[in-house]
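Below is one structure; the comments refer to it alone.
Nothing in this text is a laboratory measurement; each read-out follows from the coordinates by a stated rule. Predicted, not measured: the structure shown is a model, and the values here were computed from it. Note: ideal-geometry Cβ built from the backbone for every residue, glycine included; neighbour counts use all protein chains shown.
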Amino acid sequence: VAKREGGGGVRRFRREMGEDVAVRQRDKADLRDALSNDELVLHYQPIIDLASARTTHAEALVRWQRPGRGLLGPDRFIGLAEETGLIVPLGTHVLRTACGQAVHWQDRGHRLGVAVNVSPGQLSGEQFPHQVGELLGATGLEPGRLTVEVTESVWADETAMRVLMDVRELGVRVALDDFGTGYSSLNYLRRYPFDLVKIDKSFTDGLGEDRRTEGVVRCIIDLAAVLGARTVAEGVETPTQAHWLRDAGCDYLQGYLFGKPDLLENWRPELLTGSQPLLRA
Ligand code: C2E
Ligand code: MG
Ligand code: MG
Ligand code: MG
């Protein structure tokens, strides 16, 4: 009996594996089509500069308007894109669209820059810096209006790191995303220059609640200052967190307190034009 059940288990296992492979193949084909069918949408989230209490940057966050499935967040498809190499054309699309938006702001006299997330798989050769250089040249976008966000996983990849530094040479800003959750060693941080440290939401969550978290965040802000980088706090949801971060000398705030990622046409007008009342005084 045990043997027969075992055999059934294996058969069931094989069938499920087969379905997984089939689902994966379809997702992959659909994602490739999504690129040509223009189903990828960029939402933008404001990043507030504490010195001026104004929005100075917007992070582009990709979504997939998948027919019959609704609007999918990046956690549902970026992993697949990375595994299949589709992250390269997907990343190109995001970069072009976001830079187009930044050019639009620049031409209208807005002070806004744009931040784009980049996976290590996009940094495997000189293609990326060339692409960025061409884009800047062709559009006249000021390089400092573009920020490239990478996670600490980039340290594990010597090539990606070199390519990233080439991009930075163009005058583009480099941000370390989700800082504190990954693989940074003080040795890497000391050796490679970058412009921004994004304090992960899991730290922001503890501000005003947990002394140890507060101590660590103070250290991150100090460390960034020593390294010549500015700090962005991610996932700011409460006025308590915002005030704590302001008083601790953080440079920029990002989070639902100011605005969720959304289509620009849905942004509250004050996000583009006014200062944030919460941060005045
Ligand atoms: P990320 O770059 O760290 O982006 C911040 C994430 O936190 C976003 O999730 C944003 O919606 C969410 N968030 C921001 N403020 C708050 C808040 O106050 N509360 C809460 N609960 N969440 C907040 P999202 O849009 O789902 O993106 C997830 C991740 O997907 C991003 O994390 C980024 O790593 C990746 N991603 C997004 N777009 C792209 C892209 O175009 N290319 C690549 N390679 N990765 C992308
Ligand atoms: Mg990011
Ligand atoms: Mg992040
Ligand atoms: Mg993240």
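Data overview
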{"quantity": "Total formal charge among the other residues, if their Cβ is under 11 angstrom from that of Asp33, Lys/Arg +1 and Asp/Glu -1", "calculated": "0"}
{"quantity": "Net charge of Cβ neighbours under 14 Å - reference Glu209; Lys, Arg +1; Asp, Glu -1", "calculated": "-1"}
{"quantity": "Rounded Å value of the spacing that divides the Cα centres of the range 72-116 and the range 125-139", "calculated": "14"}
{"quantity": "Most mobile listed residue (Pro193, Pro143, Pro269) in the chain, GNM with C-alpha springs under 10 Å", "calculated": "Pro269"}
{"quantity": "Ranked list, fewest to most other Cβ atoms within 10 Å of each Cβ, for Asp222, Asp27, Asp20", "calculated": "Asp20, Asp222, Asp27"}
{"quantity": "The range 215-281: GluC sites (Glu not before Pro) falling in loop per DSSP and having at most 16 other Cβ within 10 Å", "calculated": "Glu237"}
{"quantity": "Relative compactness, the range 119-208, computed as alpha-carbon Rg over 2.2 N^0.38 Å", "calculated": "1.15"}
{"quantity": "Range of Cα positions in the chain per principal axis (Å), largest first", "calculated": "74, 49, 40"}
{"quantity": "Assigned charges on the beta-carbon of Lys, Arg, Asp, Glu; the chain dipole about Cα centre (debye)", "calculated": "580"}
{"quantity": "Residue among Ser119, Ser185, Ser153 with the largest mean-square fluctuation in a Gaussian network model of the chain, springs linking Cα atoms under 10 Å", "calculated": "Ser185"}
{"quantity": "GNM flexibility winner over the chain from Gly70, Gly133, Gly121 (Cα, springs under 10 Å)", "calculated": "Gly70"}
